[in-house]
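The values are calculated or read from the model by the stated rules, or taken from the named source; none is laboratory data. Quick caveat: nothing in here was measured; it's all calculated off a predicted structure. Neighbour counts run over all protein chains shown; Cβ positions are idealised from the backbone, glycine included. Only protein heavy atoms, including side chains, enter the accessible area calculation; ligands, DNA and RNA are left aside. Shrake-Rupley method; radii C 1.70, N 1.55, O 1.52, S 1.80 Å.
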Amino acid sequence: MSAIARWFHAKGFPVWGYDKTRTALTEKLEQEGIHIHYDDAIENLPKEILEDKANTLVILTPAIPAEHSEWNYLKEQGYTIKKRSEVLGIITADAYTVAVAGTHGKTTTSSMVAHLLHHAGVDVSAFLGGIATNLNSNLLISKGSREKELVVVEADEFDRSFLTLFPEIAIVTSADPDHLDIYGDSEELIRTFQRFISQIKPGGYLLLNQNTDPRLTTQIQPEVNVITYSLESGDAHTQGIKIEGRWFNFDIESPFHNIGSLKLGVPGFHNTENMLAAILVGQILQVPEDEIRRGVESYSGVKRRFEFVYEGNGKVYIDDYAHHPKEIDAFMRSLRALYPNKRIKVIFQPHLFTRTRDFANEFAECLSKADEVVLLDIYPAREKPIPGVTSEMLLELIDCPEKSLKTKAEIMDNLALNLDFDVLATVGAGDIDTLVKPIKNILEKV
């Protein structure tokens, strides 16, 4: 949503917005001149909007709950209201679009695509779901030098949002069950991904993770080129991954041309696989090999995606947005590969009651790979509580040497007295990121 807000602001439109929680991102938007309020009250709607319905566009994120009073007022008054995804569809309708979809991996992968192209001097716009460190933004606006604008966009499957996009190139990183509160079951999720893939334009490309459900391509147009990829198999794959410090060094085999001696400074096997997909986009768009190699080495990640917050005094602190069991499992495997034989403590905030209910055993299995797990209460986002679905329920299923349930205040009090870990990770998609600065401050004072 903040990228959309920034896009309209950059185009000269006055922009107002609501968010539930004040964060570093919303404060940055306010500094840029975007007006934000944090209390859901009709009287907080700006008079400019109330006085000019005809020239007002209301953009909605599905994260807004149905009972939101401002949204309901604007609906009742007949304002033009469009979902974020619809607006992205309008913005990209006449552009050459690279759309990155997947139940996980899409923010990192789309930021990698945008970085490789931008770093190589390709004129590109990008709408990302996280703050790309290289750009210090989630928005990139092209200079308009191309006859047809090139746009990289994160294609969100939540609420079937990505069905507003008709890309020339689509990446599908994963299609694991998620958002079952929306889809009902995994079969409907697969059917919706099939529809998205069917919308790739003739002559375009589908870059499909080799490990996804093979049924995804059953509705694809015959003129679309399908390239599968993964770490170890597919039309494109990596070879010889070696870990040196934080760096993942690897070669790739590609149907376009092979590239050796690549260095990725954002660690993780999953990040290496995501970078492979981004490299394929660069090859399709004819980015020179040397530019790709330099782009990979200079990529510095996305905020809250395997983000190194602190290193010193024998301690490492990493923050990550992972909120699906597959993401947490990939994060934990990479963490163990980087720090074998180290004591790893994970603070996790479950996100959504439905997701916690649907994947409780899977969450417990991947979290049990830590030496210590601390759970926060479930972050509800748009949902109401579900009887019996609690962090206590999840805690009982976790099997690790030390585990507990704490409030944010208790976590901070405990850290001030006890730093019995080598590696600390905060993990989750809710408001756990509000702990990042306070934790970093404690570690810096050790």
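Using bins of 10 Å that start at zero, the share of Cα-Cα pairs per bin across segment 368-411 amounts to 26, 49, 24, 1, in whole %. The distance between label points at Lys201 and Ser69 comes to 4.6 nm (points 7 Å beyond Cα on the Cα→Cβ vector).
In deg cm²/dmol and to the nearest 500, what is the mean residue ellipticity at 222 nm of the chain if only DSSP H runs of at least 4 residues count, each as -39500 (n - 2.57), divided by the residue total?
Values: 16 runs with 149 residues, N = 446.
Taking each H run of at least 4 residues, the total per residue is -9500 deg cm²/dmol.
Based only on Cα atoms, what Rg/Rh ratio does the chain have, Rh being taken as Kirkwood's radius? Working shown, then result.
Values: Rg = 21.8 Å, Rh = 22.9 Å.
Here the Rg-to-Rh quotient is 0.95.
Residue separation of Gln239 and Glu223 scaled by 0.36 nm, minus their Cα-Cα distance, works out to 2.8 nm of gained length. For segment 37-195, just say rounded, prolate or oblate: build the C-alpha gyration tensor, square-root its eigenvalues into a ≥ b ≥ c, call rounded for a/c under 1.5, and beyond that prolate if a/b exceeds b/c, oblate if not. Oblate is the answer for segment 37-195, as a/c is 1.5 or above yet b/c matches or exceeds a/b.
Along the chain, the exposed loop sites are GluC sites (Glu not before Pro) outside DSSP states H, G, I, E and B with at most 12 other Cβ atoms within 10 Å, and the longest stretch free of them is 233-446.
Restricting everything to alpha-carbon atoms, can you work out Rg to Rh for segment 78-128 with a Kirkwood hydrodynamic radius? Intermediate values should be presented prior to the final figure.
Details: Rg = 13.2 Å, Rh = 12.5 Å.
Radius of gyration over Kirkwood radius for segment 78-128 works out to 1.05.
Can you give me the orientation-averaged projected area of the convex hull built on the Cα atoms of segment 1-130, in nm²? Before the final figure, lay out each step's value.
On the way: hull surface 36.8 nm².
Dividing the Cα hull surface by four gives the mean projection, 9.2 nm².
Normalised by residue number, the volume inside the convex hull of the Cα atoms of segment 307-384 is 93 Å³ per residue.
Projected over every direction and averaged, the convex hull enclosing the alpha-carbon atoms of segment 306-446 yields 7.7 nm².
Beyond 24 Å between alpha-carbons counts as too far, so tell me which of Lys53/Lys82; Lys28/Lys406; Lys20/Lys403; Lys11/Lys47; Lys11/Lys148 fall in that bin. Write down the numbers at each step before the final one.
On the way: Lys53/Lys82 14 Å; Lys28/Lys406 30 Å; Lys20/Lys403 30 Å; Lys11/Lys47 21 Å; Lys11/Lys148 18 Å.
Exceeds cut-off: Lys28/Lys406; Lys20/Lys403.
For the Cα trace of segment 182-328, dividing Rg by the Kirkwood Rh returns an Rg/Rh value of 1.01. Expressed as a whole percent, the accessible surface of the chain that belongs to carbon and sulfur atoms is 48, based on a 1.4 Å probe.
So for segment 133-251, what are the equivalent ellipsoid semi-axes in whole Å, largest first, each being the square root of 5 times an eigenvalue of the Cα gyration tensor?
On the way: eigenvalues 121, 97, 60 Å².
Largest first, segment 133-251 gives 25, 22, 17 Å.
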